[in-house]
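The structure appears right after this line, and notes come after that.
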Amino acid sequence: MPLNDYSALLERLQRALALAFDQSGEFLNRPGSSSAFKIDPDFYLAILPQFAEDLSFLTGILAETVTETLVLTGNLATYGPERICSLRLDVLLSRSGSPRPLQVGFLQAGFVDGALKLYGGRRSGLPLSDVRLNAAQRPLVERFLAGRPVPASISYAGEMPPARPAPSASAKAQAVAKPGARIRR
């Protein structure tokens, strides 16, 4: 069995990704037609196995090899010694939509944005999409990405804990006043 040259495979994946995006802006960041969305300056959320299958179709590389390449080069986050690369999360595909349960993985933004800059001629990476994760599942995401940076707060929406009501003016004055100090009116 021949050993894979992961740097060559990674280059093929990045070239194909940039070409597909240049030919159709629908390939990334478009809910309903894309399989990867920029949710944070450091992460793309990839619908799996669809994203690997899309790259497989574009490159002629087996989907399993696409996933293996992304995992072994550190471009697709994994969990545990079994290298689990996806988890089921409720994803909000639009700001006004309801969450949909999807099997997803976390791609390093450097992989996608680097491909678009290096092989697609873009000056910068893509802007953030409207896709968001369910805030109630943030602990699950943090556990999955244990020991690595996690998506920022901007990546989450919905089911946020209720905000505390603003204190009244008299409550503020009492909180600031020191014991025995006079409160001027």
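Annotation for the range 78-98: no member residue is in contact (Cβ under 8 Å) with a residue 24 or more places away in the chain, of a type in the set (S, T, N, Q) and not in a loop (DSSP other than H, G, I, E, B). Total residues in the range 78-126 satisfying the condition of being closer than 20 Å to Pro149 by Cα and in contact with an Asp or Glu (Cβ under 6 Å, 6 or more places away or on another chain): the figure is 2. Here Gly110 fulfils each of the conditions (1) in contact with a strand residue (DSSP E or B) (Cβ under 8 Å, 6 or more places away or on another chain); (2) touching a residue at least 24 places away in the same chain (Cβ under 8 Å); (3) outside any strand (DSSP E or B) apart from (1). Within the option set Ala63, Ala36, being closer than 16 Å to Val112 by Cβ, of a type in the set (Gly, Ala, Ser) and modelled with pLDDT of 95 or more holds for one residue only, Ala36. Return yes when Leu70 is aliphatic (A, V, I, L, M), surrounded by fewer than 19 Cβ atoms within 10 Å (Cβ to Cβ) and either touching a residue at least 24 places away in the same chain (Cβ under 8 Å) or not in a strand (DSSP E or B) (or both) and no when it is not. The answer is no for Leu70. When the residues of the range 114-135 are filtered to those that are outside any strand (DSSP E or B) and among the polar types (S, T, N, Q), the one that is farthest from Ser153 (Cα to Cα) is Ser124.
Comparison of Arg15, Arg100 shows that the only residue that is basic (Lys, Arg), under 25 Å from Leu140 (Cβ atoms) and over 15 Å from the mean Cα position of the chain (by Cα) is Arg100.
Within the range 1-41, being closer than 14 Å to Thr73 by Cα, of a type in the set (Asp, Glu) and assigned to a helix (DSSP H, G or I) holds for one residue alone: Glu11.
Just one of the listed residues (Leu55, Leu48) is out of contact with any strand residue (DSSP E or B) (no Cβ under 7 Å at 6 or more places or on another chain) and of a type outside the set (S, T, N, Q), namely Leu55. State yes or no: is Ser56 loosely packed, with under 15 Cβ neighbours inside 10 Å and either part of a strand (DSSP E or B) or more than 18 Å from the chain's Cα centre (by Cα) (or both)? Spelling it out, it is not the case that Ser56 is loosely packed, with under 15 Cβ neighbours inside 10 Å and either part of a strand (DSSP E or B) or more than 18 Å from the chain's Cα centre (by Cα) (or both). Please work out which residue is farthest from Pro99 (Cα to Cα), limiting yourself to the range 26-35 and to residues that are crowded, with 19+ Cβ neighbours inside 10 Å and in contact with a Ser or Thr (Cβ under 9 Å, 6 or more places away or on another chain). The extreme case among them is Phe27.
The values are calculated or read from the model by the stated rules, or taken from the named source; none is laboratory data. Remember, predicted model here, so these are calculated numbers, not experimental data. Cβ atoms come from the backbone with ideal geometry, glycine included; neighbour counts cover every protein chain shown.
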